[in-house]
Amino acid sequence: MASLALTSSYLPSLRSRLPKSDSNAQIRCSSLRSSLPKAAIFGNGIRTSFRIPSSLSSEAKSVKPALNIGSSRGNLSAFTVRAASSSPSAAVAPASQPWQGAAIKPLIASIATGIILWFVPVPSGVSRNAWQLLAIFLATIVGIITQPLPLGAVALLGLGASVLTKTLTFSAAFSAFGDPIPWLIALAFFFARGFIKTGLGNRIAYQFVSLFGSSSLGLGYSLVFSEALLAPAIPSVSARAGGIFLPLVKSLCVACGSNVGNGTENRLGSWLMLTCFQTSVISSSMFLTAMAANPLSATLTYNTIKQTIGWTDWAKAAIVPGLISLIVVPLLLYVIYPPTVKSSPDAPKLAREKLDKMGPMTKNEIIMAGTLLLTVGLWVFGGVLNVDAVTAAILGLSVLLVTGVVTWKECLGEAVAWDTLTWFAALIAMAGYLNKYGLISWFSQTVVKFVGGLGLSWQLSFGILVLLYFYSHYFFASGAAHIGAMFTAFLSVASALGTPPYFGAIVLSFLSNLMGGLTHYGIGSAPVFYGANYVPLAQWWGYGFLVSIVNIIIWLGIGGMWWKAIGLW
């Protein structure tokens, strides 16, 4: 008897080598094939040893190895046929299990960052608690960038460290899980599930493709300007991006054959996701009612310089640089991060055929569409009805659950939603307590003293303040938190250094939106689009920084000339 690693494709080859006259050997071979364990036939890279009669062993050893028979999904896998030792005691050594814990080098980098900063002498004017929390926060950020573990796990480790070191109490560390924004983002993923499950997403996607699908660029611009048109009516970028456009964009990607996990992300999805996200921060900056924190900027402006920024004033100042950014940014990303499929002249025709095949709307599609209209209506008129964005989203999801359009089991299965909820809430909590512990106030005052002591013209001084205000957003997980912590201080100093107060307020208000494009946690739409998993984290941050430079040039350069023309300075 000999021991061999066999596969289902090996036996027919073996059988073909046996003499047809040896009917017993043929029968034994057929019998052996039927007795093969499923692991040998359907496994992926598994080798299984069998004992075969010595009458077959010589033929078995003559069969050539490495028979490739297809992919591992739904087909037979590629296996290697090899002769084992003829010793009866020979056995195949079990495969060693791969390491499933944290990636060691990124984990060490994250921990080292925290430890080094922890033992750096605390600057004058900063409390020990604030400095320790900064060390944990930056260690968590490094972990989120390098990803030794999934994002939610890294954030949970950060919260655990803050509680273990008594830097935060348990209730403080987990306080942001009661914040409405992370839940609104999670609810957006549940909406997306219903949007796609019912087929409504595909129906709308095919409509877009039939109208604009002959080019990827045309498709992108149609989404960008559709979102911008809705921006003044929906005062939540999280709701607008997550509840309406993320499901639509995902459906478009799938309809165009661009899926996550199979190597087709760059076909269309990567560029489209990044484009729709980066333009969402632009549209949020164009209208007073386009982002929840914009009225806060207006309120702080009035409290600081006693001047009011009205809706029309805001829109008039933002319309020119905003429109230019909406045109330039998608085109820039199209050049530096292009989709592999740029032209598809047959796509509109195919999309119309798909629509014909889908037929009329199903009952679940109608329910989904009605629920979406209800939710959007509450987002638009929520201020009048005293219904906030997250309450409207919960009401919409309740309708979908009650009608069975989406099941709770499907919601529980949305791993990305729960992961995003975890890491985003963790960052909001840590960033919020950095402000409460006085670190942000200390940073603002330090910057103000430094810039004020340079003796520069107000234009140069304001330029430095703007850059520091903008790029300090890497330390914030919320636009509202950044505005609340730093807006008043920076506006006061800019005014003291000679910057026209109203002009300074307008510019800081616009930048308070644009800076959200830097990271995957800086504004409500960021976790939603990043969570679709089409764009790797390094590229998300890299292109975010590049787009930020372009936006600053457009808004301070072309926008500056426009503001001069309309008399703001």
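Worth pointing out:
- Once you reduce segment 206-255 and segment 135-188 to the center of their Cα atoms, the two points are 31 Å from each other.
- For segment 275-281, Karplus couplings with θ = phi - 60° (6.51, -1.76, 1.60), whole Hz, Gly/Pro x: 5, 5, 5, 4, 7, 5, 6
- Whole-angstrom gap from segment 430-484 to segment 531-569, using each part's C-alpha centre: 18 Å
- Segments 176-187, 464-475, 284-295 sorted - mean Cβ within 10 Å per residue, highest first: 284-295, 176-187, 464-475
- Cα-derived Rg to Rh of segment 284-412, Kirkwood definition: 1.10
- Highest average packing first - 532-538, 512-518, 501-507, 355-361, Cβ atoms within 10 Å: 512-518, 501-507, 532-538, 355-361
- The string of couplings for segment 334-344 from the Karplus curve (6.51, -1.76, 1.60, θ = phi - 60°) is 5, 7, 8, 9, x, x, 6, 9, 9, 9, 9 Hz, one whole number per residue in order, with x for Gly and Pro.
- Derived scalar couplings between HN and Hα for segment 137-142 equal 4, 5, 4, 5, 4, 4 Hz in order, rounded to whole Hz, by the Karplus curve 6.51 cos²θ - 1.76 cosθ + 1.60 (θ = phi - 60°), x for Gly and Pro.
- Quotient of Cα Rg and 2.2 N^0.38 Å for segment 419-569, N being how many residues it contains: 1.09
- Among the protein heavy atoms of segment 104-175, carbon and sulfur supply 77% of the accessible surface, probe 1.4 Å, non-protein parts ignored.
- Built amide H within the under 5 Å cut-off of Ser215, gap 5+: Ser344
- Pairwise Cα separations in segment 407-473 fall into 10 Å bins from 0 onward with the following percentages, short to long: 17, 30, 21, 16, 10, 5, 1.
- At 0.890 mPa s and 25 °C, Stokes D of segment 104-175 from Kirkwood alpha-carbon radius, µm² per second: 200 µm²/s
- Amide H contacts of Thr264 (H built 1.01 Å from N, under 5 Å, at least 5 apart or other chain): Asn259
- Three principal axis extents describe the C-alpha atoms of segment 204-334; from largest down they are 55, 24, 24 Å.
The values are calculated or read from the model by the stated rules, or taken from the named source; none is laboratory data. Please read these numbers as outputs of a predicted model, since none were measured by experiment. With ideal geometry, Cβ positions are generated from the backbone for all residues, glycine too; neighbour counts draw on all protein chains shown. Accessible surface is based on the protein model in full, side chains and every heavy atom, while ligands, DNA and RNA are left aside. Shrake-Rupley method; radii C 1.70, N 1.55, O 1.52, S 1.80 Å.
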